[in-house]
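Shown next, in structure tokens, is the structure this report addresses.
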Amino acid sequence: MASSTQPARIPGGTDAPKPGTPAAGGVLLSAGDVGRVVDRMAHQLIERAATTDPGAADGGLSALVLVGIPTRGAPLARRLAARIEAFSGTRVDVGTVDITLYRDDLRRRGVRALEPTLLPDAGIDDRLVVLVDDVLYSGRSVRAALDALRDLGRPKAVQLAVLVDRGHRELPIRADFVGKNVPTSRIQQVRVHLTEIDGTDEVLVTEGDGLGTGARSGATRGSEGEAE
Amino acid sequence: MKRHLLEAADLDRADATLVLDTAAQIDAALAGREVKKLPTLRGRTVVNLFFEDSTRTRISFELAAKRLSADVINFSAKGSSVSKGESLKDTALTLEAMGSDAIVVRHHASGAPHRLASWVKGSVVNAGDGTHEHPTQALLDAYTIRQRLGRLEGVRVALVGDVLHSRVARSNVGLLHTLGAEVTVVAPPTLVPVGVGSWPVEVSYDLDAVLPKADVVMMLRVQAERMTASFFPSAREYSRRYGLDARRMATLPDDAIVMHPGPMNRGMEIAAEVADSVRSTIVEQVGNGVSVRMAVLYLLLGGRSE
Amino acid sequence: MTNYLIKGAKPYGGEAADIFLKDGRIASIGEHLRVPGADVIDAAGLVALPGLVDLHTHLREPGREDAETVETGSRAAALGGFTAVHAMANTDPVADTAGVVEQVWRLGQQAGLVDVVPVGAVTVGLKGERLAELGAMADSAARVRVFSDDGMCVSDPALMRRALEYVKAFDGVVAQHAEEPRLTVGAQMHEGDRSARLGLAGWPAAAEEAIIARDVLLAGHVGARLHVCHVSTAGSVELLRWAKARGVQVTAEVTPHHLLLTDACAEGYDPVFKVNPPLRTAEDVAALRAGLADGTIDAVATDHAPHAVEDKESEWAAARPGMLGLEQALSVVVETMVETGLLDWAGVADRMSVRPAVIGRLTEQGRPLAPGEPANLLLLDPSTRATVDPAALASRSRNSPYAGRELPGRVVATFLRGVPTVLDGKAQK
Ligand SMILES: [Zn+2]
């Protein structure tokens, strides 16, 4: 039984952390890779839900709420829910929580348009909330999301699923479900593209703009996780 | 977004839409929540600098700032050093020295917020200046129209009453035009400014002719003292020619709405049964005011690092 | 007394000549003059004009010495090329008695930089109720000939008629601030497109034109001299043209700021641009320039109106109207009238020196540059352009509407009865 503090390992080769830093401009995950990774994460979520609520008739899935962090966490959460339903036959609640008004770096990064915060009708009280984001980096987005959740209700537990974990945490936060671990340098950028928003599925690593992590403006688009 | 919100012209279409969208997201995010507070502006200080009494506007701004966790200082110029001859500039510099990040100013002189903006480093939000503008009122009006009718583009708005002295009218004319609405101002000729020809509006002196083609009727407050200055002969005649009563309301298209920025003179420009009808958005306007002002404060203050 | 030989100046912008000033008079004008013992001033390339005469200056003394004094205003005037200024009566106390006008006149004498010619109030306390002792002021040491309630309009038509008639006895003139007060209650700026948008109460052109129309009819009726202060609208120019064609003894002035600036300046609500009458439209500016060029408007007068910082660094409505003018008046006329080809240098001399002196009945000012005439003159370098810095002005106040604006022409020297009040662009006392 996996401990909830241990990142889940997705079986197979694509998740194996490669030593060193990926080459600039490289395609980290192709469209096919993204699909496979999402499928594996869906399986992991099903397994974990069952272990979280062992006695439940539906394998604990009715207690599960996948809450995406816009922009790209939102479609990712919907995809995971769709795959979970395909694999288990159970419908899973999905929501989004916009963290913009909870960020602690507004002074540095400037304002941006807000995205919707949408929760399922049943709410999140006493449920297992899994936050979904595309890239885990400093951890500040997740912290903001946790703050937002606190104002929205009182879940039984909160877990975190990310497509890519690129390291460089600035807060004591770790993911429960990781699609792919990617050691990066701080000047690199990880760009996640999803069909729903970008017209294509892929994850790229590019050389940064040389400004480092803190000074880059929110104008650098491509991945919400990048601007974390 | 510009650093200040002094008049409707400070917002281009994209900015104005951003404010309305942001207000809508804030509305949705806070709907049904027990905790109506967001940490967004923690550590920022917003000063409400009011040289004119306006409890409702001040409270609306105060609530907006507090819901975003800003510290709020209410500075009423009445009875303070300002009324004892301290200049607007000295007041502004004092407030800034105390660490204000934004000044929300209501002033009896047109252009006072512009002067303020030229002296301080923080943001200035015009909460109504003389007979000039009241841009957040126009934003909340636009927000209300969009909420009720689902659009602003092509919406036909009749703006009825004391246009000459109305800051609400000036801001609405500018903002609604920016957002694609078609505005007709309706008033006795004495209450239409010379120079209205340069405004992007139609002008009519005949309310009955305009109502059947209006999606929105926005009634402006008419102050009784205008009567003594011969802008019109009597309250009764004004009300008969330019007041909105049930008979006139019945000539509106089915989906049309009736708005009023408040405070109302029931029986003068608007009949009680109109103000309380289902077409009336007057109560919604008040609630929307808080959301729109939250959006404005967030957008002006959120990203400023200097 | 030092005598000066000005070498190579161009009188009225014409052929270069030497001008010899001796004992307060122009002794001779000619080529290659040699005068042993005279101080020689190299004036190659400079235009020589008769000293300028301002019909409309607010010196603020007595009463608001924090804004301007007779001395600081005189210095500003000399630096602007003026040798005489008419000091308006709206001081505190009002210049409505022989005592006050003599005090102002004496302060001018003491300063010794220009001839300070007091204007007497038309009505007691500028209240528009009853005539001040106009004759006593005329007979005083100040020899008042111009009477004005400027700042206020003599709006009562019967009172205006009496004033026009009464001053005929001593060849006086009533200078009217033409503003129908009932039409300008609370007025803040020109009434038009901009006032509608800016939400500032409008000052309609008709409020000026209605008074001018009335007053020219009255002046014609009683056969009196009328002078119209700071004409600001195209309609006023038309009315003046009509009245002059009918033989009415009417003269008029226009300010430098109304020749250059428009109501567009009110955008931004900086009260440095608040003035009464207000800045008008571009069409009005064009009509004023044309009226000045064809002589319908007789004179340029500054309406130099210094105000303390606290009276201008405020919201628009709370600010006092008025702007500085003495030090930039000639430059503005060069910019708007000379460089546009509307006036030649003789025309500038006529509108800024000759005619104002005649209107004010000053016999020793506004005289031609000719042997035997009083040595009141200025030397202008028309080729330099400079950016106006209010902090560098001689006026005690800083409310220049030209701050940051580049204007042509620099007054290099001014002589008052043969004595230099300005040399090398610097005041001599
Ligand atoms: Zn005047």
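The values are calculated or read from the model by the stated rules, or taken from the named source; none is laboratory data. Model, not experiment: these values are computed from the prediction. Every residue, glycine among them, receives a Cβ derived from its backbone with ideal geometry; neighbour counts consider all protein chains shown. For accessibility, only protein heavy atoms count, side chains too; no ligands or nucleic acids. Shrake-Rupley method; radii C 1.70, N 1.55, O 1.52, S 1.80 Å.
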Checklist outcome for this item: In short, the stretch B:33-75 residues buried by 40 Å² or more of accessible area relative to the isolated chain (1.4 Å probe) are B:Arg33, B:Pro39, B:Thr40, B:Arg44
Checklist entry - Helix C:234-245: angle to the longest alpha-carbon principal axis of chain C, degrees 0 to 90, nearest 10? => result 70 degrees
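Which whole number gives the average, over all residues in B:187-198, of C-beta atoms from other chains lying within 10 Å of the residue C-beta?
Mean inter-chain Cβ contacts per residue within 10 Å come to 3.
Can you give the relative contact order of chain C as a percent, counting alpha carbon pairs under 8 Å and 6+ residues apart?
20 percent
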Item to check | Gyration tensor (alpha-carbon) shape descriptor, the stretch B:170-264, a/c threshold 1.5 | outcome: oblate
Checklist entry - Rounded to the nearest 10 Å², what accessible area does B:Glu182 show when all protein chains are kept and the probe is 1.4 Å? => result 100 Å²
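Determine the shape class of the stretch A:55-208: with a ≥ b ≥ c the square roots of the Cα gyration tensor eigenvalues, call it rounded for a/c under 1.5, and otherwise prolate if a/b is greater than b/c, oblate otherwise.
In terms of gyration-tensor shape, prolate.
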Checklist outcome for this item: Ignoring ligands and nucleic acids, chains B and C bury, in total, an accessible area (1.4 Å probe) to the nearest 100 Å² of about 1400 Å²
Checklist entry - How large is Rg/Rh for the stretch C:28-157, to two decimals, with Cα atoms and a Kirkwood Rh? => result 1.12
Item to check | Nearest-10 value in Å² for the accessible area of B:Asp71, using the 1.4 Å probe | outcome: 90 Å²
Checklist outcome for this item: Counting only protein heavy atoms and rolling a 1.4 Å probe, one gets per residue an accessible area for the stretch A:34-184 in Å² of 37 Å²
Checklist entry - Where only protein heavy atoms count, and the probe is 1.4 Å, what is the accessible area per residue for chain B in Å²? => result 38 Å²
Checklist entry - Where the centre of each part is set by its Cα atoms, how far does the stretch C:180-199 sit from the stretch A:92-116, in angstrom? => result 47 Å
Checklist entry - Ignoring ligands, DNA and RNA, how do A:Arg127, B:Arg247 rank by accessible area with a 1.4 Å probe, largest first? => result B:Arg247, A:Arg127
Checklist outcome for this item: Contact order relative to length for chain B, counting C-alpha pairs under 8 Å separated by 6 or more residues, stands in percent at 20 percent
Checklist entry - At what distance in angstrom do the alpha carbon centres of the stretch C:277-343 and the stretch B:227-274 lie from each other? => result 46 Å
Next on the checklist: At 1.4 Å probe size, with the rest of the protein present, what percent of the exposed accessible area of the stretch C:52-360 is carbon and sulfur atoms?
Outcome noted: 51 percent
Item to check | Peptide B:128-134 - average C-beta neighbours from other chains (10 Å radius) | outcome: 4
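Round to a whole number: what % of the accessible area of the stretch B:135-282 belongs to carbon and sulfur, probe 1.4 Å?
Details: 2860 of 5740 Å².
Ligands and nucleic acids excluded, carbon and sulfur give 50 percent.
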Checklist entry - Tell me, what HN-Hα J-couplings in whole Hz come from the Karplus equation 6.51 cos²θ - 1.76 cosθ + 1.60 at θ = phi - 60° for each residue of the stretch C:285-290, using x for Gly and Pro? => result 4, 5, 5, 5, 4, 5
Item to check | Rounded, prolate or oblate (a/c below 1.5 giving rounded, otherwise prolate when a/b exceeds b/c) for the stretch C:52-360 by Cα gyration tensor | outcome: rounded
Checklist entry - What is the projected area of the convex hull of the Cα atoms of the protein assembly as shown, averaged over all directions, in nm²? => result 49.5 nm²
Checklist entry - What is the set of long-range amide H partners of B:Ile257 at a cut-off below 5 Å, with H atoms built 1.01 Å from backbone N? => result B:Val216, B:Val217
Checklist outcome for this item: Quick calc: nm separation of the 7 Å Cα→Cβ label points for C:Asp389 and A:Ala56 -> 7.7 nm
Checklist entry - What are the residues whose amide H is under 5 Å from the amide H of C:Thr421, where those residues sit 5 or more places off or on another chain and H is modelled from the backbone? => result C:Thr414, C:Phe415, C:Leu416
Item to check | Selection from C:Gly291, C:Ser314, C:Ala219 lying farthest towards where the dipole of the stretch C:208-349 points positive, charges on Cβ | outcome: C:Ala219
Item to check | Accessible area buried, both sides summed, chains B and A with 1.4 Å probe, Å² | outcome: 1600 Å²
Checklist entry - What number, in percent, do you get for the relative contact order of the stretch A:34-184 if the mean sequence gap of Cα pairs under 8 Å and at least 6 apart is divided by its residue count? => result 23 percent
Checklist entry - Using alpha-carbon positions, what is the distance between the centroids of the stretch C:27-50 and the stretch A:159-192, in Å? => result 87 Å
Checklist entry - Roughly what angle does helix C:157-166 make with the longest principal axis of chain C, taking Cα atoms, 0 to 90 degrees, to the nearest 10? => result 30 degrees
Checklist entry - Once both labels are modelled 7 Å past Cα along the beta-carbon direction, what's the B:Glu202-C:Ala282 spacing in nm? => result 3.1 nm
